[in-house]
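Reading through the structure tokens given below for one structure.
The values are calculated or read from the model by the stated rules, or taken from the named source; none is laboratory data. Quantities reported herein were computed from a predicted structural model and do not represent experimental measurements. Here the Cβ positions follow ideal geometry from the backbone for every residue, glycine too, while neighbour counts run over all protein chains shown.
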């Protein structure tokens, strides 16, 4: 397969709804071939996201506790159940034209899982798939959640959430991903030492390049100010 060009955008932090709107603009631009495939890495302010009423019921904490903790609740349109985003977690959004990859949604999800598994291996963390639940697991604990959407024109949006060093107490307020009998973990817990996001970004980008067979160029928000 011929190697393609792609962009990488690292954002320090962005509120969830702002990022959601930004993704929609990128999807429209990608569908019109105005931009390259783009891999976005960022942090969100604390937020629980879900896509329908039944999944919102998996938020266990009452509104006053959420307010005290500074946690928003936002509706989204990705697949999957309720999940958490917050500082110390790398959220990866992939805006990709799947027509270039055989229009194979299942293969795409496996590729995103492999990207994470291989990046974690660089830190000595053995991540694995669970055939019943998307994402990446260390034993019976999820270290990375995956939730995607594919829009008309076979353009992907959303992606993954990798726990580096987030506030793990926030996970006690939800039934994460709607799974009752498994836990969650983080890179910091697995390694028993502090882990900075800046350590992890290069490994995620390197695996993105390898698995999706692309050469990346870093861009900034200024480069996309015309959207």
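At pLDDT 85 or above, more than 18 Å from residue 146 (Cβ to Cβ) and touching a strand residue (DSSP E or B) at 6+ places or on another chain (Cβ under 9 Å): does that describe residue 60?
Spelling it out, residue 60 is indeed at pLDDT 85 or above, more than 18 Å from residue 146 (Cβ to Cβ) and touching a strand residue (DSSP E or B) at 6+ places or on another chain (Cβ under 9 Å).
Residue-by-condition table, conditions (1) buried (at least 17 other Cβ atoms within 10 Å of the Cβ); (2) over 26 Å from residue 99 (Cβ atoms):
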| site | (1), (2) |
| --- | --- |
| 121 | no, yes |
| 170 | yes, yes |
| 193 | no, yes |
| 210 | no, no |
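State all residues of the stretch 212-226 that are surrounded by 11 or more Cβ atoms within 10 Å (Cβ to Cβ) and in a loop (DSSP other than H, G, I, E, B); if no residue qualifies, say none.
The answer is 213, and nothing else.
Output the qualifying pairs, or none if there are none: Cβ atoms under 8 angstrom, residues six or more apart or on different chains, first residue in the stretch 1-21 and closer than 24 Å to residue 75 by Cβ, second residue modelled with pLDDT under 95 and assigned to a loop (DSSP other than H, G, I, E, B).
Once the first residue is closer than 24 Å to residue 75 by Cβ and sits in the stretch 1-21, its partners that are modelled with pLDDT under 95 and assigned to a loop (DSSP other than H, G, I, E, B) give 16/76; 20/76.
In the set 201, 171, which member is in contact with a strand residue (DSSP E or B) (Cβ under 7 Å, 6 or more places away or on another chain), part of a helix (DSSP H, G or I), within 20 Å of residue 44 (Cα to Cα) and modelled with pLDDT under 95?
Matching residue, one of 201, 171: 171.
Restricting to the stretch 123-139, name every residue that is assigned to a loop (DSSP other than H, G, I, E, B) and either surrounded by fewer than 16 Cβ atoms within 10 Å (Cβ to Cβ) or touching a residue at least 60 places away in the same chain (Cβ under 8 Å) (or both).
123, 124, 125, 126, 131, 132, 139
So if I check each of 35, 95, which one is at pLDDT 95 or above, under 18 Å from the mean Cα position of the chain (by Cα) and surrounded by 17 or more Cβ atoms within 10 Å (Cβ to Cβ)?
None of the others qualify; the one that does is 95.
Can you find a residue in the stretch 174-183 that is in contact with a helix residue (DSSP H, G or I) (Cβ under 7 Å, 6 or more places away or on another chain) and surrounded by 20 or more Cβ atoms within 10 Å (Cβ to Cβ)?
No, the stretch 174-183 contains no residue that is in contact with a helix residue (DSSP H, G or I) (Cβ under 7 Å, 6 or more places away or on another chain) and surrounded by 20 or more Cβ atoms within 10 Å (Cβ to Cβ).
Any residue in the stretch 29-42 that is more than 8 Å from residue 6 (Cα to Cα) sitting within a Cβ distance under 6 Å of a residue that is modelled with pLDDT under 95? List the pairs, counting only those 6 or more apart or interchain.
31/153
Does residue 145 count as in contact with a strand residue (DSSP E or B) (Cβ under 9 Å, 6 or more places away or on another chain), buried (at least 16 other Cβ atoms within 10 Å of the Cβ), part of a strand (DSSP E or B) and in contact (Cβ under 8 Å) with a residue 12 or more places away in the chain?
In short, yes.
Kindly evaluate residue 156 against the criterion of being at pLDDT 95 or above, outside any helix (DSSP H, G or I) and loosely packed, with under 15 Cβ neighbours inside 10 Å.
No; evaluated as a whole, the condition is false for this residue.
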